[in-house]
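**Student:** Here it is: the structure, laid out below.
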Amino acid sequence: MRAEWVRLDGGPADANALARAGEVIRQGGLVAFPTETVYGLGAHALDADAVAKIFDAKGRPAGDPVIVHLASADAVMAVAGSLPESARILTSTFWPGPLTVILDRGAAVPLRVTAGGHTVGVRVPAHPVALALLRAAGVPIAAPSANRFSRPSPTTADDVAEDLGDRVDMILDAGATMHGVESTVVDCTSAIPMVLRPGAITIEGLRLVLPHIEMRTSAVRDASAVLAAPGTLLKHYAPRAEVRLWTGGASLRSAVRHDLEQQVAAGRRVGALLVDDDRELTTGLAVECVSLGSLAHLDEAAARLFAALRALDRLHVDVIVVRDLGRAGLGLTIWDRLYRAAEGRVLESN
Ligand code: TXA
Ligand code: MG
């Protein structure tokens with residue numbers, strides 16, 4: 001089966017396509033659709049068989065729960081057992097938008113969605129196509145990112161087709177997504193709300209409305225997170241090439257330059273995933289460069305990150321050399337994705 005590919009342009013023809021996509025969801029099929037973060041792979045969230053197809057298509061382990069998407073915050077009690085105060089504050093501030101809250105599972109939600117657990121991840125996306133699809137379907141939509149398991153998340157319909165083109169019924173194409181990194185996931189079931197995955201909303205932003213929110217440190221650096229939290233497996237967002245992730249202080253840039261030289265000298269096909277500020281690090285070297293833009297605009301760097309990893313894969317590089325862009329704001333989200341792309345291996349300059 002090859003997916004039906006529908007290009008949406010905001011014109012009147014969209015309504016027809018969206019109505020059909022809603023019907024595909026209601027009938028238990030799979031529709032890939034854009035959100036403001038990344039493309040999602042959607043199925044009827046209250047239909048366990050439909051949700052099972054998501055896991056099959058992605059090659060995703062059954063132990064990793066999927067997020068339930070809603071057209072409106074008003075529908076949250078249809079899928080959740082309760083709405084704690086922390087979730088009330090967060091959702092009224094950030095929905096519709098790139099925030100997923102973990103709540104007690106409502107009885108209507110199949111255990112397939114929650115990977116057998118008592119909690120459910122819920123979000124109201126901000127993308128007009130995602131919202132239109134949710135309204136057309138008239139049911140909650142379970143959707144992980146629309147990539148094959150452990151691959152970088154898709155930020156364009158082409159990325160979706162590359163991974164899943166023959167495994168979904170329909171792909172709704174509305175161009176590149178805005179944030180380029182996934183939603184921030186916050187567990188609201190504990191007394192102190194915990195960030196499980198840094199994402200498009202920064203921790204600093206969350207703290208403005210919930211000052212006591214905490215970051216589960218293992219969410220970013222610690223391999224024990226594999227056991228503690230589903231979906232935080234280290235081999236994640238991984239391109240086919242080996243990722244050489246550099247961190248460090250004043251000597252970081254010279255370490256990156258030295259590594260690029262060494263990799264080229266070793267006869268490898270080398271990719272550099274850098275920022276414009278680092279351009280001179282590749283001068284005179286035979287490397288494929290992809291820039292994440294300026295260090296001063298981390299929102300742009302985040303938006304380009306997964307696309308850049310995929311672009312370097314398409315150039316068939318053996319190795320991708322990349323450096324830490326800092327941990328403040330979206331820097332932390334970018335670090336998290338790079339750390340997983342590098343499968344937890346970090347190189348330190350001294
Ligand atoms: O931006 C996004 O969140 C995108 C778009 C499509 O909405 N979706 C997405 O889904 O990134 P996925 O499945 O690729 O990542 C969801 C993350 C996983 O790390 C999963 O383990 C976690 O959320 N998650 C989902 N339900 C959970 C639950 N009940 N408890 C803990 N973690 C949960
Ligand atoms: Mg994913």
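FYI, it's all coordinate maths here, none of it is from the lab. A quick note: this is a predicted structure, and the numbers were derived from the prediction, not measured. Positions of Cβ are generated from backbone atoms using ideal geometry, with glycine treated the same way; all protein chains shown enter the neighbour counts.
**Student:** Using Cβ counts within 10 Å as a stand-in for footprinting exposure, how do His179, His69 rank, fewest first?
**Tutor:** The order, fewest Cβ neighbours first, is His179, His69.
**Student:** For the chain, with only Lys/Arg (+1) and Asp/Glu (-1) charged at the beta-carbon, what is the dipole magnitude about the Cα centre, in debye rounded to 20?
**Tutor:** For this selection, approximately 480 debye.
**Student:** Sticking with this structure for a sec: Based on alpha-carbon centroids, what's the gap between region 330-350 and region 269-324 in Å, whole number please?
**Tutor:** Each part's Cα centre sits 14 Å from the other's.
**Student:** Then there is this: Net charge near Gly97, counting Lys/Arg +1 and Asp/Glu -1 over other residues with Cβ under 10 Å of its Cβ?
**Tutor:** 0
**Student:** From Cα coordinates alone, what are the radius of gyration and Dmax values for region 242-348 in angstrom?
**Tutor:** Radius of gyration, then largest Cα-Cα span, for region 242-348: 12.5, 37 Å.
**Student:** Which distance in Å, rounded to a whole number, links the C-alpha centroids of region 20-34 and region 72-116?
**Tutor:** 21 Å
**Student:** In addition: Could you state the angle between the C-alpha long axis of helix 128-137 and the longest principal axis of the C-alpha atoms of the chain, as a value from 0 to 90 degrees rounded to the nearest 10?
**Tutor:** Once rounded, one gets 30 degrees.
**Student:** Still on this structure, I have one more. Explain nothing, just the number: dipole magnitude of region 242-348 about its Cα centre with +1 on each Lys and Arg Cβ and -1 on each Asp and Glu Cβ, in debye rounded to the nearest 20.
**Tutor:** In total the dipole reaches around 180 debye.
**Student:** In Å and from the alpha-carbon atoms only, list the Rg and Dmax of the chain.
**Tutor:** When restricted to Cα atoms, the chain yields Rg and Dmax of 20.0, 61 Å.
**Student:** While we're on this one: Please report Phe55, Phe306, Phe94, Phe33 as a ranked list, fewest other C-beta atoms within 10 angstrom at the top and most at the bottom.
**Tutor:** Phe55, Phe94, Phe306, Phe33
**Student:** Quick check: the angle from helix 85-94's long axis to the longest principal axis of the chain, C-alpha only, nearest 10 degrees?
**Tutor:** 70 degrees
**Student:** In which sequence would Met1, Met215, Met170 go, from the one with the fewest C-beta neighbours within 10 Å to the one with the most?
**Tutor:** Met1, Met215, Met170
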